Amino acid sequence: MATGNAEPYGREGLALDEARQRILDALKARPTRLTTVTPELMPLRDALGRVLADAVKAPADVPGFRASIMDGYALGQDCQPNAGDSWTLVGRSAPADPYQQTLHRGEAIRILTGAPLPQGAAWVLPQELIANQNGTIRLVKDASSNPWIRPTDEECSQGSLLLASGDRLGVADIGRASSCGISHVKVQRRPRIGLLVTGDELVSPGEERSNGAIWESNSTLIRGMLERLGYPAVDCRLVADECQLLKQAILDLAASCDVIVSTGGVSAGDSDWIRPLMQDLGQVEFWKLFLKPGRPFAFGWFGDAVPFFGLPGNPVAATVTALQLLWPALQILEGQSSPELLPRMPVRLATPYRRKPGRPELARASLDCSPDGQLLARIDGSQASSRIGSLQNADLLVEIPADSGPLDIGQQVWAQLLRRRIL
Ligand SMILES: Nc1nc2c(c(=O)[nH]1)N[C@H]1C(S)=C(S)[C@@H](COP(=O)(O)OP(=O)(O)OC[C@H]3O[C@@H](n4cnc5c(N)ncnc54)[C@H](O)[C@@H]3O)O[C@H]1N2
Ligand code: MOO
């Protein structure tokens, strides 16, 4: 994202891209608890969404034989036949019952889709083009120049790289690997996340709300999103803004988790204990982002080996920073070679957006398409980082540069698409 120095109070904090790079570099440079974990060998079908610890190579050519791709007839010739040509039928090849002899010129066999071609056969004709009379077949109209044959190594050749170490297994990856005979793979452990939700004012939904209290939502929102991203939190604590209680919760989480994530208590107020505790129990690498929402964000360590992400308390700021910074970090911690980020694309605003130059912004918007094929972003309602409604139905995070003033309808902007690959 473009950044600038137009913030009325001066530029504060790291630009988002810079912060992401700092985090990823720090995680690559330092061993974590995940560094020494022995990869797990597991059935391929259970490994969907996991990161490979070893490369996977093809044990054999696939399919391993020349196969017909149509129900029809295999010809004992390797050149394109002409309308009117005829052949004597001498046998049949089915997928589980291949024809075993050599086919000669002038001969043909009945062949089914997926069946091996016999020696001497190098052309198939679909049955729709054939007239069959008493054991003689005849091509009734001109055939295409396609020989309708699947090559021996169409999917892969023996020894070729199917998947690299550090790849995350998608649906097509496990489908293709199984078609190549792979039954088990070695995968990395997922990082175990400990979530610490802080705030004196927080009460659980369903509980009575006294004056000044608010119903707690980050544990639902952030846990839900992390779960969607493949990283369920293994432990979640709701703790008041008291230094000793927070310290004990951090020690407890660090005993059983690879990563600590907190929400709230990370700005500059009297009861914002996260940064001092991070400093006391480990190290703060940086604090504050030049970003709206999400300014008070801290990244550091508990001890030497447990990364600590202090997300802001405001639910939207916590969500956006978790997506932008925590998610890529978790992918790298898990051993993925390069992190998946949200895809970016240019869109036009379908709504005006009122703002002053200041922090670069990630505004939540829905995606639309104009009748003439333009992608449109609709930024609806308040973009306050406390309003979770701004995340509902959001398809896009619209990137608004720091120095940008009010934006008009039709203005082109870059946006991140809140969608991930299915296959
Ligand atoms: N003097 C300054 N004050 C603030 C600054 C600043 O730079 N200087 N930054 C503001 C920004 S921007 C944000 S964002 C907030 C974030 O502050 P904290 O991370 O310390 O978060 P809290 O103060 O604990 O909470 C902020 C807000 O969010 C509500 N909250 C907290 N946790 C939850 C939860 N689990 N579920 C629902 N809502 C939650 C909390 O009640 C507050 O209303 O700081 C500004 N201040
Ligand atoms: O970073 Mo805050 O999220 O702007 O309210």
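Brief remarks on what is shown
- Building the convex hull from the alpha-carbon atoms of the chain and averaging its projection over directions returns 28.2 nm².
- The residues neighbouring residue 258, those whose beta-carbon lies less than 12 Å from its own, together hold a net charge of +2 under the Lys/Arg +1, Asp/Glu -1 convention.
- Set of region 130-158 residues, backbone N closer than 20 Å to the point 7 Å along the Cα-Cβ line of residue 122: 143-154
- Local net charge near residue 105, Cβ-Cβ under 14 Å (Lys/Arg +1, Asp/Glu -1): -3
- Residue order for 421, 176, fewest other beta carbons within 10 angstrom first, comes to 421, 176.
- Taking only the C-alpha atoms of region 67-150, Rg followed by Dmax gives 11.0, 32 Å.
- Dipole of the chain, positive end: most advanced residue of 254, 407, 137 [Cβ charges, Cα centre]: 137
- Between 0 and 90°, nearest 10: helix 243-256 axis offset from the chain longest Cα axis: 20 degrees
- Selected from 246, 291, 112 as most flexible by GNM, with the chain as the system and alpha-carbon contacts under 10 Å: 112
- Compared with the dominant principal axis of the Cα atoms in the chain, helix 16-29 is inclined by about 80°.
- Calculated FRET efficiency, residue 85 to residue 46, Cβ-Cβ distance, R0 = 60 Å: about 0.70 to the nearest 0.05.
- Around residue 336: net Lys/Arg minus Asp/Glu count, Cβ-Cβ under 9 Å: -2
- Beta bridges by DSSP in region 1-119, antiparallel share as percent, to the nearest 5: 55 percent
- Efficiency of FRET between residue 337 and residue 152 - r from beta-carbon atoms, R0 30 angstrom, step 0.05: 0.45
- Nearby aspartates and glutamates by direct alpha-carbon distance to residue 141 (threshold 19 angstrom, same-chain neighbours under 8 apart not counted): 71, 78, 85, 107, 128
- Of 111, 400, 274, the one that fluctuates the most in a GNM where the chain has Cα springs shorter than 10 Å: 111
- Estimated at 0.36 nm per residue, the fully extended path between residue 242 and residue 164 surpasses their Cα-Cα distance by 23.4 nm.
- Sites residue 252 and residue 374 - FRET efficiency at Förster radius 45 Å, r taken between beta-carbons, to 0.05: 0.30
- With only the Cα atoms considered, region 1-129 has a convex hull volume of 272 Å³ per residue.
- Against the rule of thumb 2.2 N^0.38 Å, how large the Cα Rg of region 344-417 comes out: 1.01
- Expressed to the nearest 5 percent, the antiparallel share of DSSP beta bridges inside the chain is 70 percent.
- Given 28/186; 28/292; 247/356; 28/288, the pairs whose alpha carbons are separated by over 32 Å: 247/356
- The dipole here belongs to the chain: it is taken about the Cα centre, uses +1 on the Cβ of Lys and Arg and -1 on the Cβ of Asp and Glu, and is about 380 debye.
- Each Lys and Arg Cβ is given +1 and each Asp and Glu Cβ -1; about its Cα centre, region 344-417 then shows a dipole of about 280 debye.
- Think of region 328-423 as a dipole: +1 on every Lys or Arg Cβ, -1 on every Asp or Glu Cβ, centred on the Cα centre; then among 389, 330, 423, 389 lies furthest on the positive end.
- Secondary structure note: in region 344-417, about 90% of the DSSP beta bridges are antiparallel.
The numbers here are math on the coordinates, done by the rules we state, and not lab data. None of these values were measured; they are calculated from a predicted model. A quick note on method: Cβ atoms are made from the backbone with ideal geometry, for glycine too, and the neighbour counts reach across all protein chains shown.
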